[in-house]
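Participant: Below you'll find the structure I mean.
The values are calculated or read from the model by the stated rules, or taken from the named source; none is laboratory data. Note that the coordinates shown come from a computational prediction; the quantities given were computed from them, not determined experimentally.
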Amino acid sequence: MEDSRIVELYWRRDENAITETQRKYGGFCHAIALRILSDRQDAEECVSDTWLRAWNAMPPQRPRLLRPWLGKVVRNLAINRWEKSHAQKRYGGMELLLDELSDAVPSPHTPEKHMEAEELGSLISAWLRGLSADDRALFLRRYWNGEPLKDLARQWGESPSRLARRMYRLRCALKAELERNGVSL
């Protein structure tokens with residue numbers, strides 16, 4: 001079913017909206033949550049919470065592109081759940097991603113932070129737009145969707161070590177761009 005028809009079901013308050021959303025995007029949302037949380041039960045709860053968020057948000061919201069909208073919702077829910085449980089050291093998936101990005105992106109919790117989160121997001125978005133479509137997709141799939149490097153390497157037809165070097169160069173380029181714009185790392 002087309003996304004516009006699914007959104008229309010939400011607007012009509014038709015419960016089939018959730019069924020169709022789950023059928024079309026359940027695997028996608030579950031994969032994002034599982035990569036962040038590394039726990040199937042927590043991932044399933046985040047996906048269920050995503051369907052509830054969609055139900056409560058539409059109307060008034062009318063996402064033009066449903067897949068990225070749902071991806072953002074489930075990712076935010078999973079990160080929130082991860083942060084609550086992180087003190088207990090229950091999860092491993094998100095820690096690796098955050099560790100890889102720590103040299104390129106400043107921590108939002110440092111007192112030296114000179115830039116608002118929105119400004120940092122704008123700089124990163126501009127940097128992403130300047131990348132080739134291939135590099136942009138790779139960076140987003142790794143650091144937004146949290147896809148494992150070995151899976152990406154297989155899909156890109158590269159060895160994991162070669163792709164790891166490529167990701168390192170992208171992170172270095174991001175770091176250089178942020179520093180060029182006055183972001184203190």
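Participant: Looking at Gly146, Gly157, which is the one that is modelled with pLDDT of 90 or more and either in the same structural domain as Val74 (by TED's automatic domain parsing) or closer than 27 Å to Cys29 by Cα (or both)?
Facilitator: Numbers: Gly146 fails: modelled with pLDDT of 90 or more.
Of Gly146, Gly157, the one residue that is modelled with pLDDT of 90 or more and either in the same structural domain as Val74 (by TED's automatic domain parsing) or closer than 27 Å to Cys29 by Cα (or both) is Gly157.
Participant: Within segment 4-37, take every residue that is part of a helix (DSSP H, G or I) and of a type in the set (Asp, Glu) and give me the one that is farthest from Trp51 (Cα to Cα). Don't jump to the end; show me each part of the working.
Facilitator: So the first thing to find is which residues in segment 4-37 are part of a helix (DSSP H, G or I), and the list is 4-11, 16-37.
Within this subset, residues satisfying the condition of being of a type in the set (Asp, Glu) are 8, 20.
Working: Glu8: 15, Glu20: 11 Å.
That would be Glu8.
Participant: Let me ask something additional. Mind telling me which of the residues Arg81, Arg171, Arg136 ends up being assigned to a helix (DSSP H, G or I), at pLDDT below 95 and within 23 Å of Ser38 (Cα to Cα)? Before the answer, list the steps.
Facilitator: Working: Arg171 fails: within 23 Å of Ser38 (Cα to Cα); Arg136 fails: within 23 Å of Ser38 (Cα to Cα).
That would be Arg81, the only listed residue that is assigned to a helix (DSSP H, G or I), at pLDDT below 95 and within 23 Å of Ser38 (Cα to Cα).
Participant: Could you list, in sequence order, all residues of segment 20-40 that are at pLDDT 95 or above and of a type in the set (S, T, N, Q)?
Facilitator: Those that are at pLDDT 95 or above and of a type in the set (S, T, N, Q): Thr21, Gln22.
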